[in-house]
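The values are calculated or read from the model by the stated rules, or taken from the named source; none is laboratory data. Predicted, not measured: the structure shown is a model, and the values here were computed from it. Cβ sites come from the backbone with ideal geometry, for glycine too, and all protein chains shown count toward neighbours. Protein only, heavy atoms only, side chains kept; ligands, DNA and RNA dropped before computing areas. Shrake-Rupley method; radii C 1.70, N 1.55, O 1.52, S 1.80 Å.
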Amino acid sequence: MHDIHGAPTTSPEAALDGINDFVDGFVRYELRASNVVQTADEQPGSALANLHAGCLWMFLERPEAPEKSALYSERAKVAGGMNARETGLLALLEAWQRYDYRKVLAVADELLDACPQDLSTLKIAQYQAFNAGNAALMLKQAEQCKTANEGRAQFHSMLAFAHEQCHQLDFAEHAANTALSIEATEPWAQHALAHIHLGRGSTTEGLAFMSQHAADWQGLNSFMFTHNWWHLAVFSIAEGETQKALEIFDERCWGVEPDYSQDQIGAVSLLARLECAGVDVGDRWQRLTPYLNSRVQDVIQPFLSLQYLYGLAKAQRPQADELLQLIHQQASEPIVVQHRLLWQQVGIPAAVGVHAHALGNYSEAAKHLSLVRHRMVEVGGSHAQRDLFDQLLLDAYMQTKQWASARKMLEARCRYEPHNLVLQANLAAVKQQ
C-alpha cells in the first residue's frame, strides 16, 4: 500500500485515512493532521501511523515532548513488520527524541533520496535545518526532491522559503508564484512572499498582498494562522499603522492556541516590536504570563527560550530569573549536548542582553547584544524573526544615547527598508542629536 503521496507503507488499510490526514494535512497546515494520533491509538498495529503520531508530539516543542512521543515509537516497534522507509522514520524519530539533530538530518537525507515524494519528511528535515540556522541545507533538501514534485504546490512553497532564507529572492519569488499558480490559497507560499517583500523592503506591497489573502488562513492550524497574521502586523508597523498591528495582536495573533510555543513567541515578538515603535501595549505582557510561566525549564531550542525569557522579564515575573539561571547552566551541563557551544558563545550573551533590555538596563543590553549580533543566525529562526534582536539592540542604543551606533544601524536599515516610517522617524530624530 501507499499513502496519498505515493510513499510505501506496511500499514493496514484501516489506518490509511489517518496517515493521509497527517502526510497531506501537515504540509498544508491543516488541523486534520492531528487525526493521526487517534488513528495510531485505534490502530496499534500500524507502525507508520504511530511513527507519524510520534513526530507530531515532537512538534509540541516542550520538554515533555520526547516522553509523549516515545509511547508511539515504542508501539511502532512492537507492531514490527516495517519496510525500509518506516524503519528509517523510526530511526529519525528516536534520534529526534534524544535531540540528536545531526542523526535526524542524516537519516532524513537517506529517506529523501529513497522517497523524494515524501513531502512530510521533507518538511521535518527543513524544520530541523531551519532550527539549526542552516539555510543552505534547507535548499539542498528541497532541490533533492524537485524532480519528483514539480506539480505540487506544497513542494514549491518549501523551495521558495529555502531560497528566501538563502537571500535568493528572485528564485524564491518564482517558486512561490509557481506554488500559487497550482493552488492559489497555498499558505506557505504566501508566507514565503511575505518574507520576500520584507527582504526587498517593499512593505507597502507586502501589506497589500497579505491583506488580500488573509481570508485564506481561516481554518488553518494555529501556527500558520497566527504567523501569517504576525507578518501582516509587522508590515503594518512599518507602514506606521501601529494601532492596526495592536488590533491584530488582540484578535489574530494571541489567544488562538496560547499553550503552543510558536503562538507564544509570535506574541512576545510582536509586543516587543510595538514597544520599540513607541506603542504602549498596556497589560498585554501580563496576559502572556500564565502560559510563559510553564517555560521556566524550557531550554530545548535557544531561539524560543530567548523569547520566553524576554516575555517573562517584561512582565516582571520571578520565573525570568529562574530561566536565565538555567540558561547559564547550559554552558556546562546542557540538556541538549549539541547546543553547549551555541549557548556558551551566542545564546548566553544574547540571553543576558534580552533580559537586561526587558528590565530597562539598556547599557547592559547594548553591550551583550552587540557582541553576538552577527552570530544570531546560529540560534535558528528566520531573518524576519531574528530581526527582533536587532530591534532590541537599536532601541538600547537609542535609550542610552549612543547616537553614532544608532545612526549606523538606522541608515543601514533604511537602505533596505526605505519606506519604513518608524525607521525614518527614528533616523530623523537621531540626526538632530
Check your understanding: Could you say whether any residue in the range 405-427 is touching a residue at least 60 places away in the same chain (Cβ under 8 Å), part of a loop (DSSP other than H, G, I, E, B) and within 23 Å of the chain's Cα centre (by Cα)?
Key -> yes
Study note, to complete from the structure: Taking the range 86-102 and the residues there that are under 21 Å from the mean Cα position of the chain (by Cα) and charged (D, E, K, R), the one that is nearest to GLU61 (Cα to Cα) would be ARG98
Revision key, fill the gap. Quick count over the range 247-272, residues being farther than 17 Å from SER222 by Cβ and open to solvent by less than 10 Å² (accessible area, probe 1.4 Å), is 2
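Among the residues of the range 26-33, is there at least one that is among the hydrophobic types (A, V, I, L, M, F, W, C) and part of a loop (DSSP other than H, G, I, E, B)? Walk me through how you get there before you give the answer.
Taking the range 26-33 as the starting set, the residues that turn out to be among the hydrophobic types (A, V, I, L, M, F, W, C) are 26-27, 31, 33.
Imposing the further condition that a residue be part of a loop (DSSP other than H, G, I, E, B) reduces the set to none.
Checking the range 26-33: not a single residue is among the hydrophobic types (A, V, I, L, M, F, W, C) and part of a loop (DSSP other than H, G, I, E, B).
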Revision key, fill the gap. Taking the range 25-51 and keeping only residues that are under 20 Å from the mean Cα position of the chain (by Cα) and surrounded by 16 or more Cβ atoms within 10 Å (Cβ to Cβ), one is left with GLY25, PHE26, VAL27, ARG28, TYR29, GLU30, ALA33, SER34
Point to revise | Selection from the range 209-246 of residues that are within 16 Å of GLU417 (Cα to Cα) and open to solvent by 10 Å² or more (accessible area, probe 1.4 Å) | key: VAL234, ILE237, GLU239, GLY240, GLU241
Review point. Which condition number in (1) within 30 Å of VAL299 (Cβ to Cβ); (2) open to solvent by 20 Å² or more (accessible area, probe 1.4 Å); (3) among the polar types (S, T, N, Q) is the one that GLN165 fails?
Key: (2)
Review point. Within the set of pairs 6 or more residues apart or between chains, which connect a residue that is farther than 14 Å from TRP230 by Cα and modelled with pLDDT of 95 or more inside the range 205-216 to a residue that is open to solvent by 20 Å² or more (accessible area, probe 1.4 Å) and assigned to a helix (DSSP H, G or I) with Cβ atoms less than 8 Å apart?
Key: GLU205/HIS197
Check your understanding: Just to be sure, is LEU371 within 23 Å of GLN262 (Cβ to Cβ) and either among the hydrophobic types (A, V, I, L, M, F, W, C) or touching a strand residue (DSSP E or B) at 6+ places or on another chain (Cβ under 6 Å) (or both)?
Key -> no
Review point. Taking the range 214-248 as the region of interest, how many residues are closer than 15 Å to ARG28 by Cα, of a type in the set (Gly, Ala, Ser) and outside any helix (DSSP H, G or I)?
Key: 1
Study note, to complete from the structure: Considering the range 332-355, residues that are without any contact (Cβ under 8 Å) to a residue 24 or more places away in the chain and part of a helix (DSSP H, G or I), and then whichever is most open to solvent (accessible area, probe 1.4 Å), we arrive at LEU341
Exercise for review: May I ask you to list the residues in the range 11-24 that are part of a helix (DSSP H, G or I), surrounded by fewer than 17 Cβ atoms within 10 Å (Cβ to Cβ) and in contact (Cβ under 8 Å) with a residue 24 or more places away in the chain?
Suggested key: ALA14
Point to revise | Subset of the range 287-309 (residues that are under 19 Å from GLN345 (Cα atoms) and among the hydroxyl-bearing types (Ser, Thr, Tyr)) | key: SER305
Check your understanding: What number of residues in the range 361-404 are part of a helix (DSSP H, G or I), out of contact with any helix residue (DSSP H, G or I) (no Cβ under 6 Å at 6 or more places or on another chain), among the polar types (S, T, N, Q) and in contact (Cβ under 8 Å) with a residue 60 or more places away in the chain?
Key -> 1
